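Report on the following structure.
The values are calculated or read from the model by the stated rules, or taken from the named source; none is laboratory data. Remember, it's a predicted structure, so these values are computed and weren't measured experimentally. Note that we place each Cβ from the backbone using ideal geometry, even for glycine, and neighbour counts take in every protein chain shown.
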Amino acid sequence: MGYNINREIKKIKERVGEERVISALSGGVDSSVATILAYRAGVNLEAYFIDDYFRKKDEYIFVRNIFAPLGIDVKLESIQDEMLAVLEGVSDNTQKRSKFRHVFYNTFGKLIRLSGAGCLIQGTIKADQKMLEKGQLQHNVGVDFGKYGIKKVIEPLSELYKHEVREVARELGLPKEISERQPFPGPGLLLRCLGEIKKEKIDLIREGLAVAEEELASYNPFQVVVAISDDLVCSMRDRAVPDKYMLIVRAVESRDAMTAKGIIPSQELKDRLEDKLMNISNKVGRVLWDPTNKPPATIEYI
Ligand code: XMP
């Protein structure tokens, strides 16, 4: 793939010099590789995990525990209240993405000002750029960084696709939990909440994703997605009043996320997963399996 790790590490060192660098570390393979490259470059690095309420279950603990033995002390910056205050009640999908992006980079702007850092390092990859070109607002590309006081942004993976980033991760000796990890979008669970953003809906998909990822692991999927309906539906839990949410589950095979094949589970697995998802909360009334390929669909819902 023509990617030379040592050359990239050298380039980071040259661009950063003695300045402090802040890394946006979500725990996905892209941001993890970008962070490790900066660490290997020996720059003055601070890695932040931003908890914006749209992360996976127990995600900060996972990230901290992966990076501590590698010599990186990942700091937690919780912006849950701020993010929820901005996003709860929003139904328009473009607004969801743009408001998320604003709060996200505003946070990094503040961290940069407070720490006196000179730049931000992030794991933007080629697919992010391609998605933007296809008209989908990405959380990390096309951002007016200057507006947030972020003067320099380093993106050492911007020419690579996901499978190539995984190769770099393996070469760097990152643990399998990272190099083989399923992708998770920057705006996280936000992209899986249909209709109005509500805290209780996010809580349900966070729990649902943990269950679905575990149950579907035997299929070795590229990505598992659990989304939630906005309209309330009937179920045998309460026949008279449609007052339950519908969880939508999908698992896909893919190499680079540009195309994907929807997985159809066995009857046995579907039944077991359905039971487990219904058990998360009596607010769940139905489970819908979505095996649509990409194209025509996208992997995420928003
Ligand atoms: P779609 O839904 O466009 O997703 O088929 C393709 C891949 O990109 C991820 N994705 C995102 N990742 N910021 C990200 O970091 C985003 O705004 C974003 N939107 C989609 C998605 O999870 C899938 O792996």
With the checklist (1) of a type in the set (A, V, I, L, M, F, W, C); (2) within 14 Å of the ligand (Cβ to nearest atom); (3) at pLDDT 95 or above in hand, flag the one item residue 141 doesn't pass.
(3)
For the condition within 16 Å of the ligand (Cβ to nearest atom) and either touching a helix residue (DSSP H, G or I) at 6+ places or on another chain (Cβ under 6 Å) or closer than 24 Å to residue 182 by Cα (or both), what is the one hit in 229, 218, 254?
254
Flagged in the range 234-256 as more than 28 Å from the chain's Cα centre (by Cα) and assigned to a strand (DSSP E or B), in numbering order, are 235, 238
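Say whether the condition of being among the hydroxyl-bearing types (Ser, Thr, Tyr), surrounded by 14 or more Cβ atoms within 10 Å (Cβ to Cβ), within 14 Å of the ligand (Cβ to nearest atom) and at pLDDT below 95 is met by at least one residue in the range 159-166.
Yes; the residues of the range 159-166 include at least one that is among the hydroxyl-bearing types (Ser, Thr, Tyr), surrounded by 14 or more Cβ atoms within 10 Å (Cβ to Cβ), within 14 Å of the ligand (Cβ to nearest atom) and at pLDDT below 95.
Just to be sure, is residue 146 within 30 Å of residue 115 (Cα to Cα) and within 16 Å of the ligand (Cβ to nearest atom)? Before the answer, list the steps.
On the way: within 30 Å of residue 115 (Cα to Cα): yes; within 16 Å of the ligand (Cβ to nearest atom): no.
No; evaluated as a whole, the condition is false for this residue.
Tally the residues that are part of a loop (DSSP other than H, G, I, E, B) and either closer than 18 Å to residue 12 by Cβ or touching a strand residue (DSSP E or B) at 6+ places or on another chain (Cβ under 6 Å) (or both), restricting the search to the range 119-150.
If we filter the range 119-150 for residues that are part of a loop (DSSP other than H, G, I, E, B), which is where we start, we get 122-125, 134-144, 149-150.
Among the residues that remain, those that are also either closer than 18 Å to residue 12 by Cβ or touching a strand residue (DSSP E or B) at 6+ places or on another chain (Cβ under 6 Å) (or both) are: 122-125, 140, 150.
Summing the residues that are part of a loop (DSSP other than H, G, I, E, B) and either closer than 18 Å to residue 12 by Cβ or touching a strand residue (DSSP E or B) at 6+ places or on another chain (Cβ under 6 Å) (or both) in the range 119-150 gives 6.
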I need a count of the residues in the range 1-14 that are modelled with pLDDT under 95 and either small (Gly, Ala, Ser) or assigned to a helix (DSSP H, G or I) (or both).
1
In the list 22, 112, 79, which residue meets the criterion of being under 27 Å from residue 175 (Cα atoms) and of a type outside the set (Asp, Glu)?
22
Which residues, taken from the range 224-261, are surrounded by fewer than 20 Cβ atoms within 10 Å (Cβ to Cβ) and under 29 Å from residue 159 (Cβ atoms)?
253, 254, 255, 256, 258, 259, 261
Filter the range 35-71 for residues that are part of a loop (DSSP other than H, G, I, E, B), of a type outside the set (A, V, I, L, M) and more than 26 Å from residue 191 (Cβ to Cβ) and give the result.
42, 71
What residue, among those in the range 257-280 that are small (Gly, Ala, Ser) and either within 21 Å of residue 191 (Cα to Cα) or within 16 Å of the ligand (Cβ to nearest atom) (or both), is farthest from the chain's Cα centre (by Cα)?
262
